[in-house]
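J.: For reference, the structure I am asking about is given below.
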Amino acid sequence: MNFESGFSIVEFLLFLIVGVILVWLATLEFRLMRLTKTLRVLFSGRTGADLEQVLREYMERMDRTDETIKQFNQRATLVEQKAPYNVSHVGVVRFNPFADKGGDQSFAVALLDDHHDGVVFTGLHSRSDVRVYAKPIVGGTSTYPLTNEESEAITRALAKK
């Protein structure tokens, strides 16, 4: 089939295919330009900050935060391990060692940890001086004889939770 202008059908189809390809290419070029513009805005940002740089800074900050959290977790673990050995039980008894003079100026103070280990301090107050004594406590008792007031201070310390 020949057209009057001298084109054959094959030439016409080729011309039509080239036209469709050119329209398709123009559409793709337009979409590519739009995408390039969008990416340029995205990567440069409204404030001019480069998205890649912002992401790098964010990742560095996250790494620093992770390291800080690890350090805090290590410190918390250490504190938890040491906590039973901290003074956490305190008992105080005030008393008068001399029935005929003075007031309740003398004292016994028990300072114990969760294992009931620690010390009991006793201060005896008189008119002329003050004497302070300390006795080690292991497991709630001492190898030294305890006065009634010292025993009561230990009992008060262990009664508090």
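J.: Quick one: in the stretch 60-90, which of the residues that are β-branched (Val, Ile, Thr) and under 14 Å from the mean Cα position of the chain (by Cα) is nearest to Gly118 (Cα to Cα)?
T.: Val79
J.: Scan the stretch 42-76 residue by residue and report those that are exposed (fewer than 11 other Cβ atoms within 10 Å of the Cβ), modelled with pLDDT under 75 and out of contact with any Phe, Trp or Tyr (no Cβ under 8 Å at 6 or more places or on another chain).
T.: Leu42, Arg46, Thr47, Gly48
J.: Any idea which of Thr27, Thr38 is surrounded by 10 or more Cβ atoms within 10 Å (Cβ to Cβ), modelled with pLDDT under 90 and in a helix (DSSP H, G or I)?
T.: That would be Thr38, the only listed residue that is surrounded by 10 or more Cβ atoms within 10 Å (Cβ to Cβ), modelled with pLDDT under 90 and in a helix (DSSP H, G or I).
J.: Of all residues in the stretch 73-104, count the ones that are polar (S, T, N, Q) and part of a loop (DSSP other than H, G, I, E, B).
T.: Residues that pass the stated criteria total 3.
J.: Taking the stretch 123-149 as the region of interest, how many residues are modelled with pLDDT of 95 or more and within 13 Å of Val90 (Cα to Cα)?
T.: 1
J.: Pairs needed: first member in the stretch 22-41, within 29 Å of Gln53 (Cα to Cα); second member anywhere, part of a helix (DSSP H, G or I); C-beta distance under 8 Å; at least 6 residues apart or different chains.
T.: none
J.: Could you list, in sequence order, the residues of the stretch 105-153 that are of a type in the set (Ser, Thr, Tyr), assigned to a strand (DSSP E or B) and surrounded by fewer than 19 Cβ atoms within 10 Å (Cβ to Cβ)?
T.: The answer is Tyr133, Thr141.
J.: Of the residues in the stretch 105-122, how many are of a type in the set (A, V, I, L, M, F, W, C) and more than 10 Å from Val93 (Cα to Cα)?
T.: 5
The values are calculated or read from the model by the stated rules, or taken from the named source; none is laboratory data. Not measured: the values here are computed from a predicted model. Because the Cβ atoms are built from the backbone with ideal geometry, glycine has one as well, and the counts that use them run over all protein chains shown.
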